[in-house]
1. When you scan segment 520-539, how many residues do you find that are open to solvent by less than 60 Å² (accessible area, probe 1.4 Å) and in contact (Cβ under 8 Å) with a residue 60 or more places away in the chain?
2. Working only within segment 439-475, note down all residues that are surrounded by 18 or more Cβ atoms within 10 Å (Cβ to Cβ) and small (Gly, Ala, Ser).
3. Could you say which residue among GLN226, GLN312 is crowded, with 19+ Cβ neighbours inside 10 Å and outside any loop (DSSP other than H, G, I, E, B)?
4. Find all pairs meeting these conditions: Cβ atoms under 6 angstrom apart; at least six residues apart or on different chains; first residue within segment 459-470 and closer than 20 Å to LEU419 by Cβ and basic (Lys, Arg); second residue open to solvent by 70 Å² or more (accessible area, probe 1.4 Å) and in a strand (DSSP E or B).
5. Consider LYS418 against the criteria (1) modelled with pLDDT under 90; (2) surrounded by fewer than 20 Cβ atoms within 10 Å (Cβ to Cβ); (3) charged (D, E, K, R); (4) not in a loop (DSSP other than H, G, I, E, B): it satisfies all of them except one. Which criterion is unmet?
6. Taking segment 249-289 as the region of interest, how many residues are without any contact (Cβ under 8 Å) to a residue 40 or more places away in the chain, surrounded by 16 or more Cβ atoms within 10 Å (Cβ to Cβ), within 35 Å of the chain's Cα centre (by Cα) and assigned to a loop (DSSP other than H, G, I, E, B)?
7. Please enumerate the residues belonging to segment 670-703 that are surrounded by fewer than 20 Cβ atoms within 10 Å (Cβ to Cβ), in a strand (DSSP E or B) and touching a Lys or Arg at 6+ places or on another chain (Cβ under 8 Å).
8. Can you say whether VAL667 is surrounded by fewer than 17 Cβ atoms within 10 Å (Cβ to Cβ), among the β-branched types (Val, Ile, Thr) and assigned to a strand (DSSP E or B), as far as the supplied structure shows?
Amino acid sequence: MSSMLARASLRKAALRNGEWTACRRSFASFALPFQACNSIPGQNHQRIHPQRHIQRRWQATAAHAVLETAVHDPSALSQEAIVDNLDPKDAARLEKVRNIGIAAHIDSGKTTVTERVLFYTGRIKDIHEVRGRDAVGAKMDSMELEREKGITIQSAATFCDWVKKQPDSVTGEMKDEKYHINLIDTPGHIDFTIEVERALRVLDGAVMILCAVSGVQSQTVTVDRQMRRYNIPRISFVNKMDRAGANPWKAVDGINQKLRIPAAAVQVPIGVEDDFKGVVDLIRMKALFSEGARGEIIREAEVPADIREFAQEKRRLLIETLADVDEEVANAFLEERTPSPLEIKAAIRRATISLKFTPVFMGSALADKSVQPMLDAVCDFLPNPAEVENLALDRRRAEAPVKLVSYNSLPFVGLAFKLEESNFGQLTYIRVYQGGLKKGQYVTNARTGQKVKIPRIVRMHSNEMEEVAEIGAGEICAVFGVDCASGDTFTESGLGYSMTSMFVPDAVISLSIKPKQTKDTPNFSKAMARFQREDPTFRVHVDAESSESIISGMGELHLAIYVERMRREYNVEVVTGQPQVAYRETIQEHVVFDHLLKKQTGGAGDYARVMGYLEPTGQLGENKFQQQVVGGTISEKYLLACDKGFQASCTAGPMLGHKVLGCSMVVNDGATHMTDSSEMAFRIATQQAFRKAFKAAQPQVLEPLMKTVITAPNEFQGNIVGLLNKRNAVINDTETGPEEFTLQADCSLNAMFGFSSQLRAASQGKGEFTMEFSHYAPAPGQLQKELVAKFEKEREARNKK
């Protein structure tokens with residue numbers, strides 16, 4: 001019923017459109033006298049524009065009709081309907097906006113490509129290279145650590161304007177069109193995968209960069225999986241075409257076979273390796289050469305004769321691939337008609353936006369060649385914000401899905417996707433999905449219900465910022481003075497929408513950490529709190545048993561970077577180490593005890609005698625205390641003290657000082673003294689009896705076994721099974737699929753330290769694993785001896801002090 005009402009609303013809006021056309025004709029008849037009336041000298045008449053009033057009324061009605069459909073029946077509202085009902089001013093603005101990310105494997109040239117994009121768009125005046133070879137470093141690597149190590153650690157946002165030449169829709173003449181590009185450069189290391197996750201969560205398209213030598217690599221597969229998770233259309237750019245061994249067709253085949261997405265080259269290289277000069281545009285069949293000091297001039301020429309035949313063959317392959325994914329090209333193919341360049345471009349755009357195809361471009365960012373055609377492709381083939389479907393959940397209607405509409409006239413909805421600490425306080429990056437955001441506006445945090453004022457809005461350019469008064473739907477900005485968490489949704493008051501946050505992977509490695517000097521504890525705590533707020537994959541907790549602070553993250557490099565940042569940014573030196581394993585202690589035999597505590601001092605002494613036995617419960621569960629005293633030889637209050645003494649002994653076992661499991665103590669006799677017996681005496685006597693009997697009952701150390709689930713491509717199964725065998729793991733189950741296998745095993749927690757790095761090495765970075773506690777089992781005999789000897793040595797050292 002709701003969908004019928006929504007469609008009716010849209011029909012009414014369309015009728016009003018016709019009504020508006022009729023009104024325009026009627027206004028023409030009295031527009032002149034009306035204007036004359038407005039221009040009478042000496043009269044202070046208010047100027048009225050009836051045409052604008054009617055237009056605003058129609059636009060508001062159309063927007064309201066679309067909003068009704070978006071709320072009640074989002075599936076019935078197509079993106080085409082949203083675009084068709086856009087305010088003409090909004091439509092013109094959004095058509096020229098692109099929100100894109102640069103993502104790829106480690107060292108594929110993401111930051112180098114971004115540096116060229118900023119230079120060619122006029123955003124920066126000079127090009128600087130990664131690793132700060134010229135003591136400056138790439139613009140997007142603003143952190144000192146990034147420039148030292150030559151890697152991207154945090155995703156960095158910027159914006160630029162690209163002037164593209166394209167034919168006029170009416171005259172066909174070439175004219176300049178300015179496109180506004182919001183760009184996020186992401187890290188390649190899997191340790192910083194959350195930066196890629198949150199960037200892709202809010203972007204509309206992406207440029208996936210591949211190395212011409214290596215093709216599809218392990219992190220390329222991870223990035224592909226992340227793009228699929230958020231339905232991100234992508235174009236592919238094969239970089240490093242000037243390197244020895246460059247082979248772009250290896251990359252194209254890798255996209256088709258390993259990533260399983262149809263791909264075809266839309267360019268052919270003119271020369272490779274040191275002879276790489278430019279590319280042939282297969283759509284228009286023109287050769288493009290990069291000239292000038294930094295390749296800033298693109299010269300068009302005819303296709304060289306030596307590669308013309310090869311280019312035509314690749315063009316046929318492009319059309320064949322498009323025919324498989326686009327109906328209009330398929331029809332032309334069946335009619336044995338060659339599609340025109342405009343038809344090919346339109347088909348590539350349709351197929352790319354519908355996630356059925358990725359066009360492949362080629363170039364070398366470091367050699368300043370063929371980057372501008374990739375920028376043209378971003379404008380031609382990636383969607384604008386109005387063409388991308390974005391859903392929210394309406395909490396007032398049991399979290400029913402609602403389609404967000406990129407109209408400025410509708411209530412504001414935005415998502416905080418990244419937090420940073422700056423000199424001016426917390427900087428919150430926000431993607432605006434619906435409505436506009438103005439300086440001084442009040443918005444509501446959907447998670448907390450708190451109403452906050454937006455004091456300042458900026459556009460980010462790496463670590464620089466440019467202040468703006470307002471931001472429109474579909475844009476990305478940053479705000480100051482808003483206290484929130486990463487993934488929070490902000491809306492106008494009364495709009496009960498909430499957006500799904502980004503996917504946060506589980507931590508795979510942990511370290512114990514503490515400040516080297518006690519005086520640094522306040523700064524240490526500040527750093528921990530800030531890093532947790534900024535990075536959802538960085539987690540901190542205090543172990544209940546060892547009282548150690550434990551940090552967890554995505555890899556050794558991930559945690560090492562935070563340790564180094566703590567030293568540089570907070571001047572805190574820390575000590576890290578393996579976390580203590582929560583071992584347990586138990587017994588295996590039934591042992592009888594008879595213990596007497598007799599201590600005489602100047603006044604009242606201590607006297608308590610306890611008799612009974614200690615035995616295993618049969619299950620590694622709770623410890624049990626029982627009293628079977630007959631004849632009242634020990635009074636009730638002393639038996640309660642015995643129980644407390646037993647429970648205290650079980651919290652710190654005699655072997656390692658860890659908790660005791662599966663132990664039962666029965667007190668069946670004893671003796672008291674009229675003046676010297678006390679509750680404390682019986683408590684101490686029970687603890688002493690427990691320690692003595694425990695050591696005689698064949699004590700045993702138990703270690704935690706972790707249920708470990710490993711997923712990796714089938715070709716690495718032998719390597720991974722070998723890794724587990726070295727750790728004495730018990731493999732419980734293996735499932736082998738067409739491409740990947742899943743293995744379940746029980747493995748000692750102590751043996752799993754450092755496993756993440758070894759798994760990545762054994763599977764070329766493609767393996768993933770999760771761990772959770774399974775149960776306790778006896779530790780190997782040699783390990784037990786080592787642990788007991790270490791504990792005794794530490795106890796002796798403490799006693800000497």
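The values are calculated or read from the model by the stated rules, or taken from the named source; none is laboratory data. Source: prediction; values computed, not measured. All Cβ positions, even for glycine, are placed from backbone atoms using ideal geometry, and neighbour counts span all protein chains on display. The protein model used for the area step is the full one, side chains on, heavy atoms only, and it has no ligands, DNA or RNA in it. Shrake-Rupley method; radii C 1.70, N 1.55, O 1.52, S 1.80 Å.
1. 5
2. Result: ALA446, SER462, GLY472, ALA473, GLY474.
3. GLN226
4. Once the first residue is closer than 20 Å to LEU419 by Cβ and basic (Lys, Arg) and sits in segment 459-470, its partners that are open to solvent by 70 Å² or more (accessible area, probe 1.4 Å) and in a strand (DSSP E or B) give ARG459/GLU466.
5. The single condition LYS418 does not satisfy is (2).
6. 0
7. Hit for segment 670-703 is ALA671, nothing else.
8. Working: surrounded by fewer than 17 Cβ atoms within 10 Å (Cβ to Cβ): no; among the β-branched types (Val, Ile, Thr): yes; assigned to a strand (DSSP E or B): yes.
In short, no.
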